[in-house]
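Here's the structure, in structure tokens; my notes come after.
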Amino acid sequence: MSAAVTAGIDVGSSAVKAAVVRIEEEGGETLLGRGLARVRKREVAEVVAEAFDAAVAEAGVDGLDYVATTGEGEETPFATGHFYGMTAHARGALFLEPRARAVLDVGALHARAISMDARGKVLGYKMTSQCASGSGQFLENIARYLGVAASEVGALSIGAQKPEAVSSICAVLAETDVINMVSRGLSAADILRGIHESMAGRFARLLQSLGAEGVVFVSGGLAADDGLAAALEGALKAGAARGAKPVELERHVLSPWSGAIGAAIWGAFRRRRAGMEGFAWTAKERSRA
Amino acid sequence: MTEPSPRAAVVDWAAQIAEDLDFAAARAHLAENPGRKAAGYLPVYAPREIVRAAGMLPVGVHGGGDRLEIIRGDAFYQSYICHLPRSVIELAQSGRLDFLSAVLFPATCDVIRNLSGTWQLVSPEVYVRYLDLPQGGASELAAEFWKEELGVLAADLGRIAGRAVTGDSLREAIAAYNAVRSLIRELYRVRRETPWRVPSEELYLLLRAGETVPLEAFVERARAYLAAVEADAGRVRDKARVVVVGAFCEPPPIGLIKTVERAGCSIVDDDFLLGNRMIDGDVPLDGDPLGALARAFVGRAVRNSTLYEADPEGKRRLIGERVAAARADGVIFASASFCDPALLDRPMLRAGAEAACIPCIAFQFAENTGQFQQFREQAGTFADAIKLWGGE
């Protein structure tokens, strides 16, 4: 079977990420294009189309051998197949950081730690509970409340002088904590750092309970948050000092696309494994679906 | 406003009927046919041919699903009893089943048997019959016993309906249900061969509706559905092919069926509404129709957890046989919580599946389960494991 060009679409609750990947017959992968579209109360189908079209346009291809979805993308009408989020993030992480043997996927609604082998096969996972305090959406809400742009959150947090702890369990209580902090005159930087440290503590415990060691790749939208990364480094160091297995955190500028990239690569794998020749799918056909 | 496609029209029709807890379609049919009566039946298998031959409308009573608040039903059952009888009692006590002149309770399990007694207490004016299905294999003695039971049922229903069951009326009913069975076999065949064209949710709704309306209405809609499916090649989806086992009595919520398929599985065989397919093949139309119906059940009932199987290895082999017939990749054991027949069989079935290296997962549901995230995770990771690592 010849080289394949496949697409992955990661439908998240706040953004849809799409990637187009070329997979050579002998197994090498190249990212050809990517797209990202924010949901912002729009119809998901519209957002999916926007991200997908952007990725296909950047890739400069007019046909795809497999369109794979992940996340909440099960009902995408022009998809060939769907992969569970953890499966896709594990493979995407390997593409972006081949040494990774665990992934910390931090998205808008939840976080999960995933362990995997060298092929990207998921070996185990731990997730945050239903509470949203460990999520990107919670952080975004707080930033909005503080009048801080999402892009400023990381730098502000790193520059904090006297961070104060917030409730690490319940988003509602954490929000109450933040309101109290604001009324007490704490700076936005200290508040954000407190939240980052609270989230980082939870994520570090997730990784430790999973038994993660070696290189841990951070995927998902919050991977781009430098403040969270710094807090997480600190939490993991503190954990190691208490006897937890040492881990090395790695991020990538393409971390938010990890799921989409992983889905695309698995799509090519399935095409080859199942002998699915003739699955070509063009953007023109997609628009008719 | 655009007209729905022929396929969407059938699915909409089926959904409306299947989800209607007031059985408006059955009631409307009775109102349009003064003097006609209806007989309800509980899962899994009831000889609907006898009901039809008596001129009555057979109506499947499959519980209230996730759309019925249980107020009175819980008073009749301990917490370790499945959900179906609670919602059936609730349906009855709320007057939703007051159009039934008879109710048949097959020997599915102790709970269904005892429900027949409870029904006699709460609705003494309704004819109740416990169907003591023969167990123990295809013996002439079993066929004779079942024929006698069917004879009693035919006489009783004939009396209630005011129209005696005759050889001719029974032959007509058997022929009619042979046509239904044939159509359902065809629907299952098309789904098995091209599962992306027949979502299991649609198939389930169609069959469920078919147990509430006159047979002719079901046949008409099922044929229209098949024609629409045949006319649309659909878009091939890359999913794991699974057999769902264990949901033969208390039906899973529609959301659960959708969740399993959305998560990356194609259901290519199942035991939902199993009574429709309990008799494998056609019932012969020549000779004594009552005897033919009895022998068809005794000799050709599909093996399932409500029937005794003398050979202990038979249960262990069953899953392998079903998976091979469906060309499936794996099995999902999905049973109602506290379903004794399914859960008692599960260890044997699962051991057989694992011995044959068939991937499987198991979960439990109730007809009113409303949260599907855990099923989504299980089915999604199961599908990925099959698609990416199956055979390792």
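Read-outs: derived from the displayed coordinates by stated rules, not from any lab. Predicted model, so just to flag it, every value in this text is computed and none were measured. Heads up, the Cβs are rebuilt from the backbone with ideal geometry, glycines too, and the neighbour counts pull from every protein chain shown.
Across A:Lys162, A:Lys121, A:Lys237, mean-square fluctuation computed from a Gaussian network of chain A (C-alpha pairs under 10 Å connected) peaks at A:Lys162.
Relative to the Cα centre, the charge distribution of chain A, modelled as +1 at Lys and Arg Cβ and -1 at Asp and Glu Cβ, gives a dipole magnitude of about 560 debye.
Provide, as a two-decimal number, the C-alpha radius of gyration of the stretch A:98-251 over 2.2 N^0.38 Å, N being how many residues it has. Spell out each step's value before the answer.
Numbers: Rg = 15.1 Å, N = 154, 2.2 N^0.38 = 14.9 Å.
Compared with the compact-globule rule of thumb, the stretch A:98-251 sits at 1.01.
Both radii come from the Cα set of the stretch A:3-125: Rg as radius of gyration, Rh as Kirkwood radius; their ratio Rg/Rh reads 0.96. Shielding value for A:82-94 is 4, the average number of Cβ atoms from other chains within 10 Å of each residue's Cβ.
When the trypsin sites (Lys or Arg not before Pro) in the stretch A:152-208 are filtered for DSSP coil states and for at most 16 other beta-carbon atoms within 10 Å of their beta-carbon, the remaining sites are A:Arg184. The eigenvalues of the Cα gyration tensor, multiplied by 5 and square-rooted, give chain A an equivalent ellipsoid with semi-axes of 35, 22, 14 Å from largest to smallest.
The calculated pair-distance distribution of the stretch B:188-241 uses every alpha carbon pair, bins of 5 angstrom beginning at 0, and gives 4, 18, 29, 24, 14, 8, 3, 0 percent. Here the sum of -39500 (n - 2.57) over DSSP H runs of 4 or more residues, divided by the residues of the protein assembly as shown, equals -15000 deg cm²/dmol at 222 nm, to the nearest 500. Ordering A:Met181, A:Gly120, A:Leu109 by Cα displacement along the dipole of the stretch A:98-251 toward the positive end leaves A:Gly120 in first place; charges were set at the Cβ atoms of Lys, Arg (+1) and Asp, Glu (-1). What you get for the stretch A:98-251, charging only the Cβ of Lys and Arg (+1) and of Asp and Glu (-1), is a dipole of about 520 debye around the Cα centre. Evaluating 6.51 cos²θ - 1.76 cosθ + 1.60 at θ = phi - 60° for every residue in the stretch B:6-22, the Karplus couplings come out as x, 5, 4, 5, 5, 5, 4, 4, 5, 5, 4, 6, 5, 9, 8, 7, 9 Hz, glycine and proline recorded as x. Note on the stretch B:292-360: dipole from Cβ charges, positive end direction compared against B:Ile358, B:Ser335, B:Ala296; the farthest Cα belongs to B:Ala296. Quick note on the stretch B:242-326: its Rg to Rh ratio, both from C-alpha atoms and Rh being the Kirkwood radius, is 1.04.
Rounded to the nearest 20 debye, what is the charge dipole size of the protein assembly as shown about its Cα centre when +1 sits on each Lys and Arg Cβ and -1 on each Asp and Glu Cβ? Intermediate results must be reported in sequence, preceding the final value.
Numbers: 75 positive and 86 negative charges, 149 e Å.
I would put it at about 720 debye.
Overall size of the stretch B:28-117 from C-alpha positions, given as principal axis extents largest first: 41, 25, 21 Å.
Please grab the % of Cα pairs in chain B that end up more than 31 Å from each other.
Numbers: 26803 of 76636 pairs.
Percent of Cα pairs beyond 31 Å in chain B: 35.
Over the protein assembly as shown, all Cα pairs binned in 10 Å intervals from 0 give whole-percent P(r) values of 3, 14, 21, 21, 17, 13, 8, 3, 1, 0, listed from short to long.
Of A:Lys121/B:Lys239; A:Lys17/B:Lys387; A:Lys17/A:Lys245; A:Lys126/A:Lys237; A:Lys17/A:Lys121; A:Lys41/A:Lys162, which pairs sit farther than 27 Å apart, going by alpha carbon to alpha carbon? Violating the 27 Å limit, Cα to Cα: A:Lys17/A:Lys245; A:Lys41/A:Lys162. Here the extension length gained between A:Ala165 and A:Ser151 equals 2.8 nm, from 0.36 nm per residue of separation less the Cα-Cα distance.
Quick one: of the DSSP bridges fully inside the protein assembly as shown, what percent are antiparallel, nearest 5? Each step should come with its number before you reach the end.
Numbers: 29 of 75 bridges.
So the antiparallel bridges amount to about 40 percent of the total.
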